[in-house]
1. Would you check which residues across the range 101-127 are free of Cβ contacts under 8 Å to residues at least 40 places away in the same chain and under 14 Å from the mean Cα position of the chain (by Cα) and list them?
2. Just name the residue that is nearest to ligand 2 (Cβ to nearest atom) out of those in the range 233-248 that are exposed (fewer than 15 other Cβ atoms within 10 Å of the Cβ) and touching a residue at least 60 places away in the same chain (Cβ under 8 Å).
3. Inspect the range 38-57 for any residue being surrounded by 15 or more Cβ atoms within 10 Å (Cβ to Cβ) and within 25 Å of residue 292 (Cα to Cα) and give the result as yes or no.
4. Would you check if there is a residue in the range 23-43 being over 22 Å from the mean Cα position of the chain (by Cα) and assigned to a helix (DSSP H, G or I)?
5. Which numbered condition in (1) away from ligand 1 (no atom under 16 Å from the Cβ); (2) surrounded by fewer than 19 Cβ atoms within 10 Å (Cβ to Cβ); (3) in contact (Cβ under 8 Å) with a residue 12 or more places away in the chain; (4) not in a helix (DSSP H, G or I) is the only one that residue 269 fails?
6. Looking for whichever is modelled with pLDDT under 95 and near ligand 1 (Cβ under 10 Å from one of its atoms) here; the options are 175, 205. Which one fits?
7. Within the range 272-292, track down each residue that is more than 15 Å from residue 209 (Cβ to Cβ) and either within 14 Å of ligand 1 (Cβ to nearest atom) or in contact with a strand residue (DSSP E or B) (Cβ under 6 Å, 6 or more places away or on another chain) (or both).
8. Within the range 148-193, how many residues are more than 16 Å from ligand 2 (Cβ to nearest atom) and in a helix (DSSP H, G or I)?
Ligand SMILES: Nc1ncnc2c1ncn2[C@@H]1O[C@H](COP(=O)(O)OP(=O)(O)O)[C@@H](O)[C@H]1O
Ligand SMILES: [Mg+2]
């Protein structure tokens, strides 16, 4: 196959995307596929510049907004979409921003080239945490109490209660998120989250952090991120090798594992997703599973959570990447899942 790999881009998750793409490209080539590599912020990457463009490690901190703004103007997104015309499938190794929120998906839908993951509608729904949570609730899935911050309603935080989570409504990688333990910390948390648009206030669920991948209508293995139950999973913990232990399969009862898997499939369907996704939960001390979010373009290095969730049921990384491409081609050909 000739695969157009879109990566990089101008979202805060640019560096994470570069790490995903580095391993996706390697896996595709080692299975005999041709790769056309395109940075959605910089354009096509030549063979000579590939060693500089791709790197498997993620720096400690996300790139600054200034550096991303400088990239933003360099190339038109339409030029990027036209660069991948004529490939058999486009692999979205993008995270966050226009790569994950449905905008690139809409552009690709108009070109007619098959692309991996969910369509524009599902991507848009999943990227908006407020809308997602309304759909989870309608589907009978427990999700922490929440409100979109409105400066005219100053009692919102009291109504949710402390501790609470303040986070951007449409970000990823824990960027802009704070665990707020008392009212004095609220203003700074709101200021930080509001740099990324609408802000969500959410009940903090102390407990264990569980995650489940979905691939082709099947729930993969349940995993656990071994965090202090009174904390949130940070950017550094997500991307620095060995910063936190991740256990697949999670050491939970068969009932909890089956319920997490069931909920991940219901959540995937509730947002009208395709191909693959990863649902993140908190498990509280009463045994209740709370859905935090569904990721439509979760991290895809070989040691990322979704690939671990697949590996734990015997789907190796190369097979996973190839399967994700196959699903995109089947969807474009009209296969009903
Ligand atoms: N309501 C919550 N209760 C407990 N922990 C939370 C809550 N919301 C977020 N977190 C913690 O913060 C992490 C990132 O939050 P999440 O909503 O998944 O945002 P992102 O899209 O940035 O990954 C979660 O993995 C979890 O550890
Ligand atoms: Mg998350």
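1. 102, 124
2. Per the criteria, the residue is 236.
3. Scanning the range 38-57 turns up no residue that is surrounded by 15 or more Cβ atoms within 10 Å (Cβ to Cβ) and within 25 Å of residue 292 (Cα to Cα).
4. yes
5. (4)
6. Working: 205 fails: modelled with pLDDT under 95.
The conditions single out 175.
7. Listed by number, the residues that qualify are 276, 277.
8. To start, the set of residues in the range 148-193 that are more than 16 Å from ligand 2 (Cβ to nearest atom) comprises 148-164, 180-192.
Those still in the list that are in a helix (DSSP H, G or I) too: 156-160, 183-192.
Of the residues in that region, 15 qualify.
The values are calculated or read from the model by the stated rules, or taken from the named source; none is laboratory data. For clarity, every value in this text was computed on a predicted model and none was experimentally measured. No Cβ is skipped: glycine too gets one built from the backbone with ideal geometry, and neighbour counts run over all protein chains shown.
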